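Written out below as structure tokens is the structure these notes cover.
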Amino acid sequence: MRFLLIALLCNSFLVTAQQIPEFQQMRYNEDYSGLEKDTVRNWYHRLKYKKIGKNAYVSFGGDFKTQYLIMDNENWNPDTQDNDGFMLTRWLFHADLHLSEKIRVYGELQSALANSREVLVPVEENPLKLHQLFMDYKPFQETPITFRLGRQEVSYGSTRLISLRDAPNTRRSFDGIKVLFSEGNIKTDIFYLHAVVDKTGIFDDASSPDLRLFGAFSDIATAKEEMHFNFYFLGFYNKNALFYDGAGTEKRYTIASRVFKNRGTWWYDLEGGYQFGSIGSRRISAWSIALATSYRFTSIKYTPEIGLKADLISGDKDNTDKTQQTLNTMFGPGAYFGMAAPLAPSNLMDIHPDLKLRFSEKITLSCDYAFLWRYSRGEGIYRPNMVPFFEHNDASSRYIGSQISGVFFYKANKHLYLLTGLSWFNTGEYLREVSPGKNITFGFASAQLKF
């Protein structure tokens, strides 16, 4: 590990000079075929592109992330105190084999460890798993259609509903089939997937027919690609769903759309959706609206960027009727509101101002202040995996609390990223009614190496 870090740091200038593609969040989206004609070759180029036949090549890469975390009053409960903190580490190694212009095989191993953690949970501890193994097949040279079969990562749109779950530690994957269409400014995926259920052993993960996702997603960009439109249709099946209203088999359908602009001094992101279906004998009728916007002052020192986020997310009004208004985020991120308060964006209202300062091209400071309320008094709050946070909900207050956070980000070079941050969650009346209601203090320091 030490040798690899030193080698990448020393090699970073050469790598940049040869215009190696930028790393992507989903590494299988990276394309290193352009290195075939590179005249300058070094060990890193050979790692990223190795020709093994007339039209065949293989590429290798990986990702190492380590985090030290310390938290007072986790889940607002002093009984979960961890005085010396804990370490989360994660390794990802992948191989990308292009056998021809039509056939590609991609594989990735993942190892996630939670050191000195008293209670092990699969999202933090999964010592060794086959994270991805899929084949791409492009049957028609003239038609931009790809068939993908196997285990794969999936993430769409704003990631509120379908995400990689990069936090806290173990990334999520699915088994199934996907059809990808891409031409010009239009990209569309049609898919049928079974979720891989993470476990805390070695090579013991398996996909579950009891937890399924299917549907279609489209991204349409304008001519200059400054504005994008997303359209979703998602089907979700969970045989063992659990809500404050009770358990049941969940058959849920989501129709959603999104418009966003992520270039220039002003950007925005607006998304709305409606869910319908059934949970046992209960009818589903849920919805959400999310807005994020920011403006960057390019003429002011440190280029301050001021932003605002807000969500309106439905919750169940009455646990005695036959209608369930709870929005289900299905496969949402593990830390939508930060790791200090691991809440699912369900039955919530929030407003979330933030500020970002760029001290240099490498150093950034981000600060934000989130205020959270329950949308409906008839229902409680949920964990990120959409399990009720508390056994009962007999509270009258809406106000959950507020969280202030600050994060320093340092990008040493293309390969190495360092972060440190601190959050403080001030509990509101609702949490004091249903829990010990202690304020949470959370701090972390992390380093991530990509190659």
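The values are calculated or read from the model by the stated rules, or taken from the named source; none is laboratory data. Because the structure is a prediction, the values reported are computed rather than measured. Cβ sites come from the backbone with ideal geometry, for glycine too, and all protein chains shown count toward neighbours. Protein only, heavy atoms only, side chains kept; ligands, DNA and RNA dropped before computing areas. Shrake-Rupley method; radii C 1.70, N 1.55, O 1.52, S 1.80 Å.
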| message | For Ile103, Ile381, give me the order by solvent-accessible area with a 1.4 Å probe, most accessible first, ignoring ligands, DNA and RNA. | response | Ile103, Ile381
| task | Provide Tyr375, Tyr57 ordered by accessible surface of protein heavy atoms (probe 1.4 Å), highest first. | result | Tyr375, Tyr57
| What 222 nm value per residue comes from the helices of the chain, counting each DSSP H run with n ≥ 4 as -39,500 (n - 2.57) and dividing by all residues, nearest 500 deg cm²/dmol? | -2000 deg cm²/dmol
| Cβ-placed point charges (K, R +1; D, E -1), dipole of region 269-411 about Cα centre in debye, nearest 20 | 300
| query | Can you give the accessible area of Ile186 in Å² (nearest 10), computed on protein heavy atoms with a 1.4 Å probe? | reply | 70
| said: For the pairs Lys102/Lys199; Lys224/Lys251; Lys129/Lys411; Lys37/Lys261; Lys48/Lys356, flag any whose C-alpha to C-alpha distance is greater than 32 Å. | reply: Lys102/Lys199; Lys224/Lys251; Lys37/Lys261; Lys48/Lys356
| field | Leading residue at positive end of dipole, region 23-110 (Cβ point charges), from Gly34, Phe64, Tyr106 | value | Gly34
| Using mean Cβ contacts within 10 Å as the protection proxy, how do 428-441, 336-349, 134-147 order, highest first? | 336-349, 428-441, 134-147
| Cβ-placed point charges (K, R +1; D, E -1), dipole of the chain about Cα centre in debye, nearest 20 | 1300
| message | Given the whole protein assembly as supplied and a 1.4 Å probe, what does the accessible area of Leu419 come to in Å², nearest 10? | response | 50
| query | In degrees, nearest 10, range 0 to 90: what is the angle between the Cα axis of helix 2-17 and the longest Cα principal axis of the chain? | reply | 70
| query | In whole Å, what is the distance between the alpha-carbon centres of region 194-215 and region 375-450? | reply | 26
| Accessible area in the full protein assembly, largest first, 1.4 Å probe, for Thr298, Thr80, Thr329 | Thr298, Thr80, Thr329
| remark: Of the candidates Tyr375, Asn262, Leu327, the farthest towards the positive dipole end of the chain (Lys/Arg Cβ +1, Asp/Glu Cβ -1, centred on the Cα centre) is Asn262
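So if each residue of separation counts as 0.36 nm, and I subtract the Cα-Cα distance between Tyr268 and Ile202, what length gain in nm does that give?
Contour length minus the Cα-Cα distance gives 19.5 nm.
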